[in-house]
Amino acid sequence: MPRIVREAAVSWEGNVARGAGLMSAESSGAFAQLGYTAASRIGVAEGKTSPEELLAAAHGGCFTMSLASELTKAGTPPERLDVRCVVTLDEVEGKGHQIVHSEIEAHGAVPDCDEAAFAQAAEVADATCPFSALLRASATVTVRATLS
């Protein structure tokens, strides 16, 4: 795989309690001016995103591609993979707020694949997913994988 570099632009106006920011995907243009605030980050989202939500999407997306690759290499390409990723930010004594956990739940429709092979593919996918590796530097990552 070639070296990959992507870019996002982020702006913020005001103090952290009452201010607001915007995030845009500079490299692809896939999203522009996604709003975020401290209030929507820690409370009700109100149609805004958060760094944690974007991290959950990134981790889930990376893991899903890795799982599809592992299943394909095993000769059982998936018909469909449905993955949910939940990222948890929490207070850590002496360290402030930290990402402490990322939980992936994967369901797959994979012809000619049994539960054991699917679980094995998910284990390898997690081990080779760059976002799982990044998160494991300071958090726990759990993966549950079941066939549909």
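The values are calculated or read from the model by the stated rules, or taken from the named source; none is laboratory data. Remember, it's a predicted structure, so these values are computed and weren't measured experimentally. Please note: Cβ atoms are built from the backbone with ideal geometry, for glycine as well, and neighbour counts cover all protein chains shown.
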Q: Filter the range 69-97 down to residues that are surrounded by fewer than 18 Cβ atoms within 10 Å (Cβ to Cβ) and among the aliphatic types (A, V, I, L, M) and give me whichever is nearest to residue 109 (Cα to Cα).
A: 74
**Q.** Contacts under 6 angstrom Cβ, first residue in the range 77-105 being assigned by TED's automatic domain parsing to the domain that holds residue 60 and part of a strand (DSSP E or B), partner exposed (fewer than 14 other Cβ atoms within 10 Å of the Cβ) and among the polar types (S, T, N, Q), 6 or more apart
**A.** 92/98; 101/140; 103/142
Q: Collect the residues in the range 99-141 that are among the polar types (S, T, N, Q) and at pLDDT 95 or above, keeping them in residue-number order.
A: 102, 120, 128, 132, 140
(Q) Can you list the strands (runs of 3 or more DSSP E) lying wholly within the range 8-51 that have 1 or more residues being more than 18 Å from the chain's Cα centre (by Cα) and loosely packed, with under 11 Cβ neighbours inside 10 Å? (A) 8-13
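Can you find a residue that is among the β-branched types (Val, Ile, Thr), more than 15 Å from residue 73 (Cα to Cα) and surrounded by 18 or more Cβ atoms within 10 Å (Cβ to Cβ) anywhere in the range 108-129? Before you say what the answer is, go through the steps one by one.
Initially, the range 108-129 is screened for residues among the β-branched types (Val, Ile, Thr), giving 110, 124, 128.
So of that shortlist, the ones also more than 15 Å from residue 73 (Cα to Cα) come out as none.
No, because not a single residue in the range 108-129 is among the β-branched types (Val, Ile, Thr), more than 15 Å from residue 73 (Cα to Cα) and surrounded by 18 or more Cβ atoms within 10 Å (Cβ to Cβ).
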Q) Given the structure, is residue 2 closer than 20 Å to residue 129 by Cβ and not assigned by TED's automatic domain parsing to the domain that holds residue 120? A) yes
Q: Go over the candidates 68, 17 one by one and state the one that is outside the structural domain of residue 119 (by TED's automatic domain parsing) and free of Cβ contacts under 8 Å to residues at least 24 places away in the same chain.
A: 17
